[in-house]
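J.: If you scroll down you'll find the structure; I have some questions about it.
What follows is calculated from the coordinates using simple rules that are stated; it is not laboratory data. Keep in mind the model is a prediction, meaning the values are calculated, not measured. Cβ: placed from backbone, ideal geometry, glycine included. Neighbour counts: every protein chain shown.
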Amino acid sequence: MIVFAGVALSLIILVIVIRLLILRRIREKYAVLWLILGAVVLVLGIFPGLLEAATVALGVQLPVNLLFATAIAVLLGVSLHLSWELSLSEDESRRLAEEVAILSARVDRLDAGEVPPSREEDPDLRA
């Protein structure tokens, strides 16, 4: 029964991730992690002896302890990666907001009938 549950869970993960990829709801670089996770769960569901062999090889007392430790490590890795991606997105959003503000000020000056400054005279256009 537990083998069937593991195989069913992995197939559900794989189907959901592939569906999200087809619908363009998830990017490929994020989907790879979930596809690998689904494949690992599928292999462990089909061959439960692999988890027991890994438990013995790593000196862990129970297979469930190895499973929990691995799950915690994977979740920490995903959390760190998403924090890094969020930082990059925040930096990009700030840069884009600054550019929009500069361009908006320039449009306002043009709408007011000011003569557009040359590239050398306008400090906003030098960079």
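J.: With no solvent and one point on each alpha carbon, what is the Debye value of log10 I(q)/I(0) for the chain at q = 0.17, 0.19, 0.20, 0.22 Å⁻¹?
T.: At q = 0.17, 0.19, 0.20, 0.22 Å⁻¹ the computed log10 ratios are -1.00, -1.11, -1.16, -1.26.
J.: Right, something else. Given +1 on the Cβ of Lys and Arg, -1 on the Cβ of Asp and Glu, and no further charges, what dipole in debye does the chain carry about its Cα centre, rounded to the nearest 20?
T.: Once rounded to the nearest 20, the dipole reads 820 debye.
J.: Moving on to the next point. Be a star and scan region 68-93 for residues whose amide nitrogen sits under 16 Å from the point 7 Å along the Cα-to-Cβ vector of Asp108.
T.: Nothing falls inside the zone, counting backbone N under 16 Å.
J.: Full-extension gain between Val43 and Leu75, please, as 0.36 nm times their residue separation minus the C-alpha to C-alpha distance.
T.: The Val43-Leu75 span can extend by a further 9.5 nm.
J.: Could you pull the Rg and Dmax for region 1-47, using just the Cα atoms, both in Å?
T.: 11.2, 34
J.: Could you please report the charge total around Ser83, scoring K, R as +1 and D, E as -1 over all other residues with beta-carbon less than 14 angstrom from its beta-carbon?
T.: Numbers: positive: none; negative: Glu85, Glu90, Asp91.
Every neighbour counted, the sum reads -3.
J.: Let me ask another. Write out the GluC sites (Glu not before Pro) in region 56-115 meeting two conditions: DSSP loop, and at most 15 other Cβ atoms within 10 Å of their Cβ.
T.: Glu114
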